[in-house]
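The values are calculated or read from the model by the stated rules, or taken from the named source; none is laboratory data. In this text the structure is predicted, and so the values were computed from the model without any measurement. Don't worry about glycine lacking a Cβ; one is built from the backbone with ideal geometry, like all the others, and counts go over all protein chains shown. The area values use the complete protein model at the heavy-atom level, side chains included, leaving out ligands, DNA and RNA. Shrake-Rupley method; radii C 1.70, N 1.55, O 1.52, S 1.80 Å.
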Amino acid sequence: MRSLIRYLLAIGVVMTLGMTLALGFDESGIDFEDEDVSTAYVMLDRGAEGLTVVLSAAKATGFVATMDVEDELADYDVDDFDSATEISSRPWAPRAFPTVLEVKNSSTVFHTIRMIHDESMTTVMAAYLDRLAALGYEVTAEPLTSNIEAYTVTQGDETLRMVITRKGGSTTAVTLTAL
């Protein structure tokens, strides 16, 4: 019986530690009260959570693509939310940019981040692959169609699925999912 309990506890610890290697998300580089922000720059970095998606109003190291947010911030009103609750859970970007950004999480752990970039699939794909390589990730291609490319992204115990989809001539969706 003790062996079984130890085994179950060990599995629980491994699962808990595995959950910390999910997706990081940081939108602190966007001032959501500034209605003049027209472009959100998307950067990739590596943090405590694993691969981290960073949104900023300025292009910086790790830049992979842009999102057009001009029309969305103009309609966004910080006063519509209870700041104490909202700031603690940091859901600003998903609420501010509903047509270009979607995140799925449980508490503070992000499992899926989907972004709509206003750039061509070729440009976005090259930038993501270059940045992932620079961060030390191993990327395995799994081409699906001419409009959809899928990749398995790994580093150590961290495994992600990245799907890049052509949405139009100059619009590309990127979905990152922690496995």
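Restricting attention to the stretch 151-177, the residues being over 15 Å from Thr140 (Cα atoms), open to solvent by 20 Å² or more (accessible area, probe 1.4 Å) and touching a residue at least 12 places away in the same chain (Cβ under 8 Å) number 8.
Among the residues of the stretch 103-143, those that are at negative phi, open to solvent by 50 Å² or more (accessible area, probe 1.4 Å) and modelled with pLDDT under 90 comprise Lys104, Asn105, Ser106, Thr108, Pro143. Against the criterion of being touching a residue at least 24 places away in the same chain (Cβ under 8 Å) and touching a helix residue (DSSP H, G or I) at 6+ places or on another chain (Cβ under 6 Å), Ala65 qualifies. Looking at this structure, is Thr171 at pLDDT 80 or above, among the polar types (S, T, N, Q) and within 30 Å of Glu33 (Cβ to Cβ)? Taking the combined requirement at face value, the residue satisfies it. Looking only at residues in the stretch 27-40 that are in contact with a Leu (Cβ under 7 Å, 6 or more places away or on another chain) and free of Cβ contacts under 8 Å to residues at least 60 places away in the same chain, which one is most open to solvent (accessible area, probe 1.4 Å)? Among residues in the stretch 27-40 that are in contact with a Leu (Cβ under 7 Å, 6 or more places away or on another chain) and free of Cβ contacts under 8 Å to residues at least 60 places away in the same chain, the one most open to solvent (accessible area, probe 1.4 Å) is Glu35. Are any of the residues in the stretch 34-48 part of a strand (DSSP E or B) and modelled with pLDDT under 90? Within the stretch 34-48, one or more residues are part of a strand (DSSP E or B) and modelled with pLDDT under 90. Taking the criterion of being among the hydrophobic types (A, V, I, L, M, F, W, C), at pLDDT below 80 and assigned to a strand (DSSP E or B), would at least one residue in the stretch 73-86 satisfy it? No.
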